[in-house]
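Worksheet for the structure shown next.
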Amino acid sequence: CISHARQQGRQLWVTSLREGARELSPPLPVPPKVAIVMGSESTGISEAMLEAADEAVYLPTFGFVESLNVGVATALVVQRMFQLCSSCDVGGGSSSSSSLPPGISTTATRSRGDSGSARGDLGLGEREAIMRQWEHNGVVTADNA
């Protein structure tokens, strides 16, 4: 995964509370191509990934909260990244997953007519294709068990 991101010209950013991590807030410059790595809730980011990272970032929290559920944290990090860099390539740059390693797929969230911005609104065909893929992957049969 590290070498694949590097081959695509992406910087590796990890979410971490380690010393030296930078707050994911302005004026933090975001590179045009970046891969965000989220740690597991139980063990966080691996040492190998921390060592390979170009940047460690964290979400600012208030009160007694030091960490968030990984799903919530991911949603907040992605939203914050969109705010910091609306033209960054966060999904491979197209709705094709052919440049991703086998078994990994993503859907770019580009607006049509938004000159490549990483903003929402999938077309009806894209939504239907995602739903078909989700249904196919979610149903266990003798063929895919």
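The values are calculated or read from the model by the stated rules, or taken from the named source; none is laboratory data. Computed from a prediction, not measured in an experiment: that's the story for all the values here. Every residue, glycine as well, gets a Cβ built from its backbone with ideal geometry; the counts of neighbours run over all protein chains shown. In case anyone asks, the SASA skips ligands and DNA or RNA and just uses the protein heavy atoms, side chains included. Shrake-Rupley method; radii C 1.70, N 1.55, O 1.52, S 1.80 Å.
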Query raised in the report: For the peptides 62-70, 37-45, what is the packing order when you average, over each peptide's residues, the other Cβ atoms within 10 Å and list the highest mean first?
Result: 37-45, 62-70
Query raised in the report: Using 0.36 nm per residue, how much length does the chain from residue 70 to residue 40 gain when fully extended, once their Cα-Cα distance is taken away?
Result: 10.1 nm
Report summary line: Placing each pseudo-label 7 Å from Cα in the direction of the beta carbon, residue 139 and residue 47 end up separated by a distance in nanometres of 4.7
Requested in this report: List the residues whose amide H sits under 5 Å from the amide H of residue 35, counting only those 5 or more places along or on another chain, with H placed 1.01 Å from N in the peptide plane.
Outcome: 11, 12, 13
Query raised in the report: What accessible area per residue, rounded to a whole number of Å², is obtained for segment 15-78 using a probe radius of 1.4 Å?
Result: 64
